[in-house]
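Before I ask anything, here is the structure I am working with.
The values are calculated or read from the model by the stated rules, or taken from the named source; none is laboratory data. As the structure is a computational prediction, the values presented were derived from the model and not from experiment. FYI the Cβ positions are ideal-geometry reconstructions off the backbone, even for glycines, and counts take in every protein chain you see.
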Amino acid sequence: MSDDHKVNGSNSKKEQLDKFTTDDQGKKLTTNQGLKVSEDEFSLKAGERGPTLMEDFHFREKMTHFDHERIPERIVHARGFAAHGEFQVYESMNKYTKAGFLQDPSKKTPVFVRFSTVAGSRGSGELARDARGFSTKFYTEEGNYDLVGNNIPVFFIQDAIKFPDLVHALKPEPHNEIPQAASAHDTFWDFIANNQESAHMVMWAMSDRAIPRSFRMMEGFGVHTFRFVNEEGKAHFVKFHWKPLLGTHSVVWDEAQKINGKDPDFHRRDLWEAIENGDYPEYELGVQILSEEDEFNFDFDILDPTKLWPEEEVPVKLIGKMTLNRNVDNVFAETEQVAFHPGHVVPGIDFSNDPLLQGRLFSYTDTQLIRLGGPNFHELPINRPVCPFHNNQRDGYGRQTINKGPVSYHKNSLAANTPELATEKKGGYTHYQEKTEGHKVRARSESFKDHFSQATLFWNSMSKAEKEHITEAFSFELGKVKSEFVQQQVVDMFGNVSKELATTVAEAIGANPPQGEESNDTKTSPALSQENTKKKPSTRKVAVIIDNDFHGAEVSQVLDALKIEGVQPEIVSGKLGVISGSDGKELKVDHTFLTADSVLFDAVYAVSAGQGNSAFYKQAAYFTKEAFTHFKPIGATHHGEKLLTDNNMESSPGVISGGEVKSYTDRFIQAISAHRYWEREVI
Ligand code: HDD
């Protein structure tokens, strides 16, 4: 099989994968040797009631394959889900970088994106309080470029040598393997208190960012400072951002915990269904660019991965758009076997000396060797570049390429010294010739020692509701910590970020208020608050609570108007089947109160309250009240209004009823766009 086929826009990766994709439908069952099989239910035995025979090659092969089907899960980011798509740049970035895929606005580059949680194992619930991984593999004509980021722009630690310690502390405790996919335990917070550079990322992890509504509604960040290098060899520092076109939105913590039980696949289902429905998730690629001369013009070190560049100081330039438009055919072959690496770069993109990034450059290949079983994982279909690759590497477990000829070394005469090197002009990668010198030291740079200013910047930039959520998250997490000593250390540590935050948390967990002065940092960065994000009704799910005898014409008008705005109404009733309106209009029921739950929806439209059916009423009231408690928009017409009046919801913000149908619908759609009504929480 040759990879030397034409690189063809967005389809080049699909064309390549198609060669490896097989559809078994309608085919004869065979062994792996191609032998047709005549019986697959009974093993070969000596007599009907006798022992199974060693000779049964079909049994042996089937069982052996099964016995070996599991591979080690990722050491972190084990729980993930991925999709294919394409990326297109808006205008040539040649002023800053010679990267081929960032030059031509008419060119589509295939991508594969994997989203993940960090701490939990492969089967864990997706709504854990955690950072989310956001990894993108660009299959460019110059080789694969991987942007392996998170939905949080900073990291817990400044030096990769601490990564094993961080992960050991975060993962379930080794003596009893509790808790799963959660940071709310002693070892994590003990690590935090003893590694105070984590303060900034902890603020993000305790914020709404750590419980996103959807992979489609979260930002992505490359975190580190990288370099763009142009044709002339001039470099700029760059930070990468992904900005979702749907805006950045979250659920509330109580809801997150319930979703983990009701639908632990909530995020993957959301992504899968959106793509199947043609609601392709879109993200704009943003860059913050700094000239090398400006390296030291900030009150933080741009090499420090616990620091962001405030967008108000270094604006984010949106340079292109990524659209995810194809689900995988097989999760193991694609999502599980994909191997990302921050060191997979293309000419025009280079590294900085960020010590966290430098360490990552070692770790990712190393981990694939154990996870994917040897050095040939780049040959797996999902990992192959769409451009040809040739070198003198040979052999190893699972080698697939059949390299011809006796020569597998450089330099050689027998093969005219091929594969030959490419000059920089011909696309050969050359490392940026940064001048460095210094003594060998194991030390933290003095310029990395301010751990609290940006944590305070984050806190100062939050809305009242967001601050409330952060305070509750700390109180929850520390409330689960058993060691009072650790609790107190954390309270004292976050006293450096905000006295108000630490004092309220101390009170909630029975610790002493923090000592010391209030931080006098008052700087804010409005871009950090999700209150300032885009708000759209599109793809929001609305539970329509409804029973027989509804007002057919009116309900049809509302549902049609919702659908025009891209809202997805789903019918929830007492039992499955079909319900009929007073005028004969029929609706197919999608869920019952047993199979649906308010936490799986963005809003509620209540049309019926059961009209004398007390079981229906009870369940509808519970559903609506729970949605209300999670600050969701609620609309009601006709009998449904009873659910509001009985439960004192009718005059609260984001609760819509009354008026003629058109005005009701417009107001309800506006309410859905608002996402949540935090005012209910703070009044
Ligand atoms: Fe990492 C996986 C993101 C620091 C070592 N990391 C992994 C994934 C993401 C990140 C998104 C999942 C990739 C996938 O979907 O397959 N990691 C980050 C970010 C970091 C970071 C944004 C800080 C800015 N990571 C980091 C450090 C180290 C690692 C400092 C070690 C020195 N990360 C790994 C790993 C993983 C990984 C152990 C596990 C599975 C894998 O690589 O392929 O090598």
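Looking only at residues in the stretch 146-160 that are part of a loop (DSSP other than H, G, I, E, B) and closer than 21 Å to N194 by Cα, which one is nearest to the ligand (Cβ to nearest atom)? Don't jump to the end; show me each part of the working.
Going through the stretch 146-160, the residues part of a loop (DSSP other than H, G, I, E, B) turn out to be 151-159.
Adding the requirement that they be closer than 21 Å to N194 by Cα leaves 154-159.
Details: V154: 8, F155: 4, F156: 8, I157: 7, Q158: 10, D159: 8 Å.
Going through the qualifying residues, I end up with F155.
I've got another one for you. Restricting attention to the stretch 11-50, report how many residues are closer than 22 Å to A83 by Cα and outside any loop (DSSP other than H, G, I, E, B).
Residues of the stretch 11-50 closer than 22 Å to A83 by Cα: 11-23.
Right, trim to outside any loop (DSSP other than H, G, I, E, B) and you get 11-18.
Residues flagged as closer than 22 Å to A83 by Cα and outside any loop (DSSP other than H, G, I, E, B) within the stretch 11-50 amount to 8.
Criterion first (surrounded by 12 or more Cβ atoms within 10 Å (Cβ to Cβ), within 16 Å of the ligand (Cβ to nearest atom) and part of a loop (DSSP other than H, G, I, E, B)) does V407 satisfy it?
Values: surrounded by 12 or more Cβ atoms within 10 Å (Cβ to Cβ): yes; within 16 Å of the ligand (Cβ to nearest atom): no; part of a loop (DSSP other than H, G, I, E, B): yes.
In short, no.
Okay, next question. Would you mind finding the one in R394, R360 that is within 9 Å of the ligand (Cβ to nearest atom) and either among the charged types (D, E, K, R) or surrounded by fewer than 18 Cβ atoms within 10 Å (Cβ to Cβ) (or both)?
Details: R394 fails: within 9 Å of the ligand (Cβ to nearest atom).
Exactly one of R394, R360 is within 9 Å of the ligand (Cβ to nearest atom) and either among the charged types (D, E, K, R) or surrounded by fewer than 18 Cβ atoms within 10 Å (Cβ to Cβ) (or both), namely R360.
Here are some residues: G343, G374. Which one is out of contact with any strand residue (DSSP E or B) (no Cβ under 7 Å at 6 or more places or on another chain), away from the ligand (no atom under 14 Å from the Cβ) and in a loop (DSSP other than H, G, I, E, B)?
On the way: G343 fails: away from the ligand (no atom under 14 Å from the Cβ).
Result: G374 is the single residue among G343, G374 that is out of contact with any strand residue (DSSP E or B) (no Cβ under 7 Å at 6 or more places or on another chain), away from the ligand (no atom under 14 Å from the Cβ) and in a loop (DSSP other than H, G, I, E, B).
Could you please give the count of residues in the stretch 620-638 that are free of Cβ contacts under 8 Å to residues at least 60 places away in the same chain and over 33 Å from the mean Cα position of the chain (by Cα)?
Selection size over the stretch 620-638: 2.
Taking the stretch 117-140, which residues are more than 16 Å from the ligand (Cβ to nearest atom) and in a strand (DSSP E or B)?
T140
Give me the pairs, please: first residue somewhere in the stretch 440-461 and within 22 Å of I161 (Cβ to Cβ) and without any contact (Cβ under 8 Å) to a residue 40 or more places away in the chain, second residue anywhere and of a type in the set (A, V, I, L, M, F, W, C) and surrounded by fewer than 17 Cβ atoms within 10 Å (Cβ to Cβ), beta-carbon distance under 9 Å, and either six or more positions apart or on two chains.
R442/I161
Picking from E173, E232, E141, E219, which residue would you name as being under 20 Å from L290 (Cβ atoms), modelled with pLDDT of 95 or more, surrounded by fewer than 21 Cβ atoms within 10 Å (Cβ to Cβ) and not assigned by TED's automatic domain parsing to the domain that holds A674?
Working: E173 fails: under 20 Å from L290 (Cβ atoms); E141 fails: under 20 Å from L290 (Cβ atoms); E219 fails: surrounded by fewer than 21 Cβ atoms within 10 Å (Cβ to Cβ).
E232 is the lone residue from the list that is under 20 Å from L290 (Cβ atoms), modelled with pLDDT of 95 or more, surrounded by fewer than 21 Cβ atoms within 10 Å (Cβ to Cβ) and not assigned by TED's automatic domain parsing to the domain that holds A674.
Here's something else I'd like to know. When the residues of the stretch 346-357 are narrowed to those that are over 16 Å from D146 (Cα atoms) and more than 8 Å from the ligand (Cβ to nearest atom), which ends up surrounded by the fewest Cβ atoms within 10 Å (Cβ to Cβ)?
Step one: filter the stretch 346-357 for residues over 16 Å from D146 (Cα atoms), giving 353-356.
Narrowing further to those that are more than 8 Å from the ligand (Cβ to nearest atom): 353-355.
Details: N353: 12, D354: 22, P355: 21.
Here the answer is N353.
So, one more: Looking only at the stretch 264-312, count how many residues are of a type in the set (V, I, T) and not in a loop (DSSP other than H, G, I, E, B).
Of the stretch 264-312, the ones of a type in the set (V, I, T) are 275, 287, 289, 302, 306.
From what's left, not in a loop (DSSP other than H, G, I, E, B): 275, 287, 289.
The qualifying residues number 3.
So D590 clears everything in (1) surrounded by 18 or more Cβ atoms within 10 Å (Cβ to Cβ); (2) within 26 Å of D263 (Cβ to Cβ); (3) of a type in the set (D, E) except one condition, right? Which one?
It is condition (1) that D590 fails.
Could you check how many residues of the stretch 617-636 are farther than 15 Å from H591 by Cβ and of a type in the set (A, V, I, L, M)?
Selection size over the stretch 617-636: 3.
Quick check on this structure: which one of A606, A620, A627 is over 13 Å from G654 (Cβ atoms), surrounded by 24 or more Cβ atoms within 10 Å (Cβ to Cβ) and in contact with a Ser or Thr (Cβ under 6 Å, 6 or more places away or on another chain)? Show your work before the answer.
Values: A620 fails: in contact with a Ser or Thr (Cβ under 6 Å, 6 or more places away or on another chain); A627 fails: over 13 Å from G654 (Cβ atoms).
After applying the criteria, what remains is A606.
Six or more apart or on different chains, Cβ atoms under 6 Å: show the pairs whose first residue is in the stretch 219-239 and on the phi > 0 side of the Ramachandran plot and within 11 Å of the ligand (Cβ to nearest atom) and whose second is of a type in the set (G, A, S) and part of a strand (DSSP E or B).
V223/G149
Here's a follow-up. Of all residues in the stretch 543-566, count the ones that are under 28 Å from T248 (Cβ atoms), surrounded by fewer than 24 Cβ atoms within 10 Å (Cβ to Cβ) and in contact (Cβ under 8 Å) with a residue 40 or more places away in the chain.
Total meeting the criteria: 4.
Can I ask one more? Out of the residues in the stretch 104-116 that are over 22 Å from the mean Cα position of the chain (by Cα) and not polar (S, T, N, Q), which is nearest to the ligand (Cβ to nearest atom)? Spell out how you get there, then give the answer.
Keep residues of the stretch 104-116 that are over 22 Å from the mean Cα position of the chain (by Cα), which gives 104-108.
Cutting the leftovers down to not polar (S, T, N, Q) gives us 104-105, 107-108.
Details: D104: 28, P105: 28, K107: 25, K108: 22 Å.
Taking the candidates together, the pick is K108.
Determine whether S573 is crowded, with 24+ Cβ neighbours inside 10 Å and either over 20 Å from A671 (Cβ atoms) or without any contact (Cβ under 8 Å) to a residue 24 or more places away in the chain (or both). Outline the logic, then answer.
Values: crowded, with 24+ Cβ neighbours inside 10 Å: yes; either over 20 Å from A671 (Cβ atoms) or without any contact (Cβ under 8 Å) to a residue 24 or more places away in the chain (or both): yes.
So S573 fits the description; yes.
Being among the aromatic types (F, W, Y), outside any helix (DSSP H, G or I) and within 13 Å of the ligand (Cβ to nearest atom): is that true of F163 here? Walk me through it before giving the result.
Numbers: among the aromatic types (F, W, Y): yes; outside any helix (DSSP H, G or I): no; within 13 Å of the ligand (Cβ to nearest atom): yes.
Considered against the rule, which asks whether it is among the aromatic types (F, W, Y), outside any helix (DSSP H, G or I) and within 13 Å of the ligand (Cβ to nearest atom), F163 comes out as no.
Would you please name the residue that is surrounded by the most Cβ atoms within 10 Å (Cβ to Cβ), looking only at residues in the stretch 104-113 that are assigned to a loop (DSSP other than H, G, I, E, B) and not basic (K, R)?
Narrowing the stretch 104-113 to residues assigned to a loop (DSSP other than H, G, I, E, B): 104-108.
So of that shortlist, the ones also not basic (K, R) come out as 104-106.
Numbers: D104: 14, P105: 12, S106: 7.
Only one residue fits best here, namely D104.
Being in a helix (DSSP H, G or I) and assigned by TED's automatic domain parsing to the domain that holds L562, is that true of even one residue in the stretch 653-661? Don't jump to the end; show me each part of the working.
First, pick out the residues of the stretch 653-661 that are in a helix (DSSP H, G or I): 661.
From what's left, assigned by TED's automatic domain parsing to the domain that holds L562: 661.
For the stretch 653-661, residues in a helix (DSSP H, G or I) and assigned by TED's automatic domain parsing to the domain that holds L562: present.
For the stretch 51-103, which residues satisfy the criterion of being in a loop (DSSP other than H, G, I, E, B), within 16 Å of the ligand (Cβ to nearest atom) and surrounded by 17 or more Cβ atoms within 10 Å (Cβ to Cβ)?
R74, V76, H77, A78, R79
Looking only at the stretch 466-478, count how many residues are out of contact with any Lys or Arg (no Cβ under 8 Å at 6 or more places or on another chain), touching a residue at least 40 places away in the same chain (Cβ under 8 Å) and of a type outside the set (F, W, Y).
Applying the first criterion (out of contact with any Lys or Arg (no Cβ under 8 Å at 6 or more places or on another chain)) to the stretch 466-478 yields 466-472, 474-476, 478.
Then drop every residue that is not touching a residue at least 40 places away in the same chain (Cβ under 8 Å), which leaves 466, 468-470, 472, 474, 476, 478.
From the residues that got through so far, the ones that are of a type outside the set (F, W, Y) too are 466, 468-470, 472, 478.
Total satisfying the criteria: 6.
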